[in-house]
1. What ³J(HN,Hα) values, in whole Hz, does the Karplus curve 6.51 cos²θ - 1.76 cosθ + 1.60 give for region 50-64 when θ = phi - 60°, with x put for Gly and Pro?
2. What FRET efficiency, computed as 1/(1 + (r/R0)^6) with R0 = 22 Å and r the Cβ-Cβ distance, is obtained for residue 1 and residue 106, rounded to the nearest 0.05?
3. So between residue 85 and residue 57, what do we pick up on full extension, going 0.36 nm a residue minus the alpha carbon distance?
4. Along Cα→Cβ, 7 Å out, is where each label goes; now give me the distance between the ones at residue 41 and residue 121 in nm to one decimal.
5. Under 15 Å from the Cβ of residue 111, count the other residues' Cβ atoms, weight Lys and Arg +1, Asp and Glu -1, and hand me the total.
6. Taking every DSSP beta bridge with both residues inside the chain, roughly what % is antiparallel (nearest 5)?
7. Based on a Kirkwood Rh over C-alpha pairs, give the Stokes-Einstein translational diffusion coefficient of region 3-109 at 10 °C and viscosity 1.306 mPa s in µm²/s.
8. I need two numbers for region 90-129: Rg to one decimal and Dmax as a whole number, Cα atoms only, in Å.
Amino acid sequence: MDRELVASFLANTYWAQGVPPATVHKSLDGSICFSLLEADRQIGFARVVSDRATIAYLGDVFVVPEYRGKGLGTWLIECVLAHPDPGGLRRWILVTRDAHEIYRKFGFRPLSRPEGFMELHNPDVYRDA
């Protein structure tokens, strides 16, 4: 995995704008990371945050622009979900603004009980970093 490519790509995504590279690197260190490669060039990425027993968060899924529309993102998600680590989990969660249809193919649905989920969100936490 090319950490610099991941950090620079994520810096331009809607979900990670303003996150310092050191923080991105720390998030990678605490995750199960999946790279999509063409020869030695990284063209895609996904990461999973999990207790490896009951729940996982799928995040930071991307394919570089020139490789999109070829089914590689779908294949990457297939690989992530089929991988034995983590495997056999009761719940997978993710957040997406615009890729709902891709994830529906794998059984992801809107929260069945959204009233039970809460968040603590501090969008300015990296402002002074």
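1. Once θ is set to phi - 60°, the couplings for region 50-64 become 8, 7, 6, 9, 10, 8, 9, 10, 9, x, 6, 7, 8, 10, 4 Hz.
2. Working: r = 22 Å, r/R0 = 1.02.
Step by step, r from the Cβ atoms, then E = 0.45.
3. Working: separation 28, 0.36 × 28 = 10.08 nm, distance 1.28 nm.
Computed gain between residue 85 and residue 57 is 8.8 nm.
4. 3.6
5. Details: positive: 90, 91, 104, 109, 113; negative: 115, 119.
Counting the neighbours of residue 111, the net charge comes to +3.
6. On the way: 13 of 17 bridges.
About 75 percent, rounded to the nearest 5.
7. On the way: Rh = 14.4 Å.
This corresponds to a translational diffusion coefficient of 111 µm²/s.
8. Rg, Dmax (Cα atoms, Å): 13.9, 40.
Values quoted throughout were computed directly from the atomic coordinates according to the rules given, and no laboratory measurement underlies them. Here the structure is a predicted model, which is why all the values come from computation and not from measurement. Glycine gets a Cβ as well: all are built from the backbone with ideal geometry, and neighbour counts include every protein chain shown.
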